[in-house]
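The values are calculated or read from the model by the stated rules, or taken from the named source; none is laboratory data. Quantities reported herein were computed from a predicted structural model and do not represent experimental measurements. Backbone-built Cβ (ideal geometry, glycine too); neighbour counts: all protein chains shown.
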Amino acid sequence: MSSQTNPIGVFDSGVGGLSVLRSIREQMPAEDVIYFGDQGHVPYGARSMVQIQNFSEGITRFLLKHDSKIIVVACNTASAAALKYLRATFPEVSFVGMEPAVKPAAEKTQTGKVGVLATPATFQGALYASVVERFGADVELFQHTCPGLVSQIEAGELDSPKTRAILEEALLPMLEKNIDTVVLGCTHYPFVIPLIEQIVGENVRVIDPAPSVARQAERLLEVRGLINPGSRDARVRFFTSGDSTSMKSLLPLLLGTDGEVESVKWKNDREIQ
Ligand code: DGL
């Protein structure tokens, strides 16, 4: 049975989910969190659905083993490829997933033209198609997969010439089409918002879905009666399937705090040791 003092499980292919973790910490400072970055497999964006489903299942089992009371899939790609599968495989578990924020973008745009940045797997999935169908009917959407951007962010290159070139290639043609809103459909991308804002200028709104996902997680905890009643400052435990030293060195840059990172190994595509 999930108890109020158990942690929230959060995962991503790498450090991108830290943008969601940041919002969860702001929204619910009393909640413990277990964060898992699958850096042994990052990036997920060009992988097959089945592979992403297997990884997501293995990570979910790991987070449940560590008593997670709900699981936040802090990765658009894993949500697109595996959220439905996870809900079917773990019917007793509450999941919060990500979907590209086309809805708020469609509500706010003045020009009716919106840019969406996300990975190939996110654009190919049924989730994106359904978001476009439900909310994108009256707007023109311009999509770009920003090849290489996730790896740049994993390397802590938030402001390098190469990162800028990737973003310019995606955004400059969209600006020519007169977009006034950009949706960040990958949880890695909020870490380059300053650079994106330099490129698009102040008249283009950039939408980071993390705060609304954190609010959704809180609502879910409320409904389930699982809010931690404590007022102490909570603990975050970080795990990576990659190099713990490299994740540790990124925490101050991405989260503004230090932390210990524990390293774990995959036994096969579906099981973590
Ligand atoms: N953070 C990711 C997402 O939200 C992952 C991208 C990747 O691993 O390619 O889509």
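Key figures for this structure:
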quantity	calculated
Output for segment 93-113, where each listed residue is over 18 Å from Asp12 (Cβ atoms), within 20 Å of the chain's Cα centre (by Cα) and among the hydrophobic types (A, V, I, L, M, F, W, C)	Val102, Ala105
Unique residue being free of Cβ contacts under 8 Å to residues at least 40 places away in the same chain, surrounded by 21 or more Cβ atoms within 10 Å (Cβ to Cβ) and not charged (D, E, K, R) when the list is Val261, Val206, Val182, Val213	Val261
Residues of segment 233-250 satisfying the condition of being assigned to a loop (DSSP other than H, G, I, E, B), small (Gly, Ala, Ser) and modelled with pLDDT of 95 or more	Ser241, Gly242
Matching residues, segment 258-273, being acidic (Asp, Glu) and outside any strand (DSSP E or B)	Asp258, Glu260, Asp269
Residue in segment 107-133 that is surrounded by the fewest Cβ atoms within 10 Å (Cβ to Cβ), counting only those that are under 25 Å from Glu218 (Cβ atoms) and of a type in the set (S, T, N, Q)	Ser130
Where a residue in segment 2-17 is within 18 Å of Glu92 (Cβ to Cβ) and its partner, wherever it lies, is of a type in the set (Asp, Glu) and more than 8 Å from the ligand (Cβ to nearest atom), with Cβ under 6 Å and at least six apart	Asn6/Asp67; Pro7/Asp32; Ile8/Glu31
Hits in segment 27-70 - residues which are without any contact (Cβ under 8 Å) to a residue 12 or more places away in the chain and of a type in the set (A, V, I, L, M)	Val50
Condition check for Tyr128: among the aromatic types (Phe, Trp, Tyr) and in contact with a Pro (Cβ under 8 Å, 6 or more places away or on another chain)	yes
Selected residue (only one of Leu253, Leu220 is over 30 Å from Ser94 (Cβ atoms) and assigned to a helix (DSSP H, G or I))	Leu253
Flag if Pro104 is surrounded by fewer than 19 Cβ atoms within 10 Å (Cβ to Cβ) and either under 20 Å from Ala74 (Cα atoms) or touching a Lys or Arg at 6+ places or on another chain (Cβ under 6 Å) (or both)	yes
Within segment 61-94, considering residues that are in contact with a helix residue (DSSP H, G or I) (Cβ under 9 Å, 6 or more places away or on another chain) and among the aromatic types (Phe, Trp, Tyr), the one nearest to Val116 (Cα to Cα)	Tyr85
Test set (1) buried (at least 22 other Cβ atoms within 10 Å of the Cβ); (2) more than 16 Å from Val204 (Cα to Cα); (3) in contact with a Gly (Cβ under 6 Å, 6 or more places away or on another chain) - Ile153 fails condition number	(3)
